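Structure first, then comments.
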């Protein structure tokens, strides 16, 4: 035995505080004091319990109530024998705060990357019938906000048939929502918003957008996005309920840039096969890109960050897709186009939608 | 051993924020890099500091809880709560879409009642867990009751409290305070609590008097405005009164009531020959609330300044004619990242420091009188809970 140090001691049976002295060596220590049964313990049986104002607290692994406190300052040899203090817990104390933080950042980044990438592999394996059931449960009839007349239904069907996409049937509807947008939803559903119809000059302009949304469905992008959102919600939400919603929807609400470009390519191929002119769609993007020009250099930078390719680039892609010697005809007749545009005005029992929904 | 006295109170807060700051900062860092999972260990480290700097008579408290327990508690809460709720939501949606709205409504009502029951259960289990992990002189507290009885009582008493226009809310809350505390023990002794709800009714009456007063004043302003030429001014005055009522008067009444509630309930608690007291007055509570608000504002302002600095830096870099798009992307990305960080860091410190202030406030105003016989204060024989207050956390009710 090499040294002595005063301790205070609670035996865990009663609240009486004992002042005692330990006599210690490399293997362990003996404790004696008034009202304390003489006892000896090995260092290996001791566990760090925390810091008190007078000094560090240690307990016995085998006895939850037993504890000793060692008043500061501790002699160096005693400090060397005692169990190492725990600050952050577990392996962080072993390898240090900074290395542990770096390792954890790498692991977390890997987990998030996995949650973003894995759905691209998993989504095609989900049966379309499941997705369809999910889509029905999630969307329903949009609370009566779908515009439809017998003429508009025929016209839309004619347009989808003309584009002639192979695969499971898609369900295209017009939503009474004042936004220049169209969305692909789970279960092969496509919604065209009323605002887009008002902005488009003719049916060929709509054909490019419709082809694009059909592309998302054929590429299973909707399922990818859905799985991504679920994955991120579980990963971030298990521990951080308040942050999860905001972050995961931010990270997964829109399709990736690659998915957008691929959907454009798909749309271009459909239009080439169907002999529909891509010029109208290009013109549509041209009009949209006018707004972006004012942003200039900044828009260029932001297009890397935002999910949609810049309208200017999309316009170019459509414009240059024209095959030499191709003979184009309008995708549907002017009458059919009018039936689509006026569907919301002519549908007597449609409800007005809020644009906050999407 | 006699305790208390004018120069040395039984409870004393001995911490300081400078010592707490490194804990809060490293907790924030580790919580971010673990995508939030570290927060259970962060809570444990916070409590270890709070408890270890709280002196009761001659020794500090000790928090013996572990991060892993809180983590397990949260996982259990996830399965008990989130999974069934999502399932029920899908079922209800299915029922509505298939023409069974009444069944869906009944299902919704049952779910709501069940959730209410679970809140009571969570309150009980949370208190039980905290007492079982609070050690003083090596002795801890706890309870042998599972909390199901309390949960049922919580459900019906709360409903009854609301029925007569809310008049019985003080009755319900004081009875529930008594029920849960009298189920708890420390060492061999059971807690006793006898708060009298009638003592709270004068202040609770303010909730009924003030709206009437506001209506009279508002009506008066409008009526007087009718005589004047510009009734726009009267409308504005009425609107101003409404804002005053909801954002200033109502919170202050709540504070005034809650100050009385805390004094009445905590002041009625006894443990063996110990009698507890809580001394915070309405003005103390007001200062606490204002200080907490100031911390929020300070964090948001610091975040905004940071965002402006980094946002301005990013804009500056992307200007100036020919810029390589890759460089522009890196600049935009990194300044975006810095903007997020400049918000995240001050906001991550808000929670810990609010909890710090709340705990210090609680301890500063706690008093105890009477005797503690240390030899009689033997170890608690209550069963140890294996998981933390995850359920309480899930309802966002974790106070400390």
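Some values worked out for this structure:
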item: Any hit, the range B:13-20, residues being facing chain A (nearest Cβ under 10 Å), surrounded by fewer than 21 Cβ atoms within 10 Å (Cβ to Cβ), at pLDDT 85 or above and within 27 Å of residue A:90 (Cα to Cα); result: yes
item: Single match in A:197, A:185 (criterion: touching a residue at least 40 places away in the same chain (Cβ under 8 Å), over 22 Å from the mean Cα position of the chain (by Cα) and crowded, with 20+ Cβ neighbours inside 10 Å); result: A:197
item: Set B:34, B:54, B:44: member being facing chain A (nearest Cβ under 10 Å), surrounded by 20 or more Cβ atoms within 10 Å (Cβ to Cβ) and in contact with a strand residue (DSSP E or B) (Cβ under 9 Å, 6 or more places away or on another chain); result: B:44
item: Qualifying residue in the range A:184-205 (condition: assigned by TED's automatic domain parsing to the domain that holds residue A:132, closer than 30 Å to residue A:111 by Cβ and part of a strand (DSSP E or B)); result: yes
item: Any chance residue A:20 is more than 11 Å from chain B (Cβ to nearest Cβ) and touching a strand residue (DSSP E or B) at 6+ places or on another chain (Cβ under 6 Å); result: yes
item: Lone unmet requirement of (1) crowded, with 22+ Cβ neighbours inside 10 Å; (2) without any contact (Cβ under 8 Å) to a residue 40 or more places away in the chain for residue B:122; result: (2)
item: Conditions (1) more than 30 Å from residue A:349 (Cβ to Cβ); (2) at pLDDT 80 or above; (3) not in a helix (DSSP H, G or I); number of the one not met by residue A:166; result: (2)
item: Qualifying residue in the range A:142-150 (condition: at pLDDT below 85 and at negative phi); result: yes
item: Which listed residue, of A:82, A:70, A:74, A:57, is under 30 Å from residue B:22 (Cα atoms), away from chain B (no Cβ under 14 Å) and in contact with a strand residue (DSSP E or B) (Cβ under 6 Å, 6 or more places away or on another chain); result: A:70
item: Selected residue [within 14 Å of another protein chain (Cβ to nearest Cβ), surrounded by fewer than 16 Cβ atoms within 10 Å (Cβ to Cβ) and either more than 16 Å from residue A:55 (Cα to Cα) or out of contact with any strand residue (DSSP E or B) (no Cβ under 7 Å at 6 or more places or on another chain) (or both)] from A:25, A:35; result: A:35
item: All positions within the range A:1-25 that are touching a helix residue (DSSP H, G or I) at 6+ places or on another chain (Cβ under 7 Å) and modelled with pLDDT of 90 or more; result: A:5, A:24
item: Residue ID - farthest from the other protein chains (Cβ to nearest Cβ), chosen from residues in the range B:119-132 that are in contact with a strand residue (DSSP E or B) (Cβ under 8 Å, 6 or more places away or on another chain) and over 16 Å from residue A:13 (Cα atoms); result: B:128
item: Test: residue in the range A:85-93 that is under 25 Å from residue B:71 (Cα atoms), in a helix (DSSP H, G or I) and either within 10 Å of another protein chain (Cβ to nearest Cβ) or within 19 Å of the chain's Cα centre (by Cα) (or both); result: yes
item: Qualifying residue in the range B:158-169 (condition: under 21 Å from the mean Cα position of the chain (by Cα) and closer than 30 Å to residue B:242 by Cβ); result: yes
item: Residue identified as modelled with pLDDT under 80, surrounded by 17 or more Cβ atoms within 10 Å (Cβ to Cβ) and under 27 Å from the mean Cα position of the chain (by Cα) among B:204, B:186, B:245; result: B:245
item: Residue list for the range A:33-48, restricted to those being free of Cβ contacts under 8 Å to residues at least 24 places away in the same chain and more than 17 Å from residue A:17 (Cα to Cα); result: A:40, A:41, A:42, A:44, A:45
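Conditions (1) within 14 Å of chain A (Cβ to nearest Cβ); (2) assigned to a helix (DSSP H, G or I); (3) at pLDDT below 95; (4) touching a strand residue (DSSP E or B) at 6+ places or on another chain (Cβ under 7 Å), marked per residue:
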| position | (1), (2), (3), (4) |
| --- | --- |
| B:298 | no, yes, yes, no |
| B:305 | no, yes, yes, no |
| B:322 | yes, no, yes, no |
| B:328 | yes, yes, yes, no |
| B:333 | yes, yes, yes, no |
| B:339 | yes, yes, yes, no |
| B:350 | yes, yes, yes, no |
| B:354 | no, yes, yes, no |
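Every residue, every condition in (1) assigned to a helix (DSSP H, G or I); (2) modelled with pLDDT of 85 or more, yes or no:
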residue: A:41; (1), (2): no, yes
residue: A:58; (1), (2): no, yes
residue: A:65; (1), (2): no, no
residue: A:74; (1), (2): no, yes
residue: A:103; (1), (2): yes, yes
residue: A:107; (1), (2): yes, yes
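The values are calculated or read from the model by the stated rules, or taken from the named source; none is laboratory data. Given the structure is predicted, the values throughout are model-derived calculations rather than measurements. Quick reminder, even Gly has a Cβ in these numbers, built from the backbone with ideal geometry, and neighbours come from all protein chains shown.
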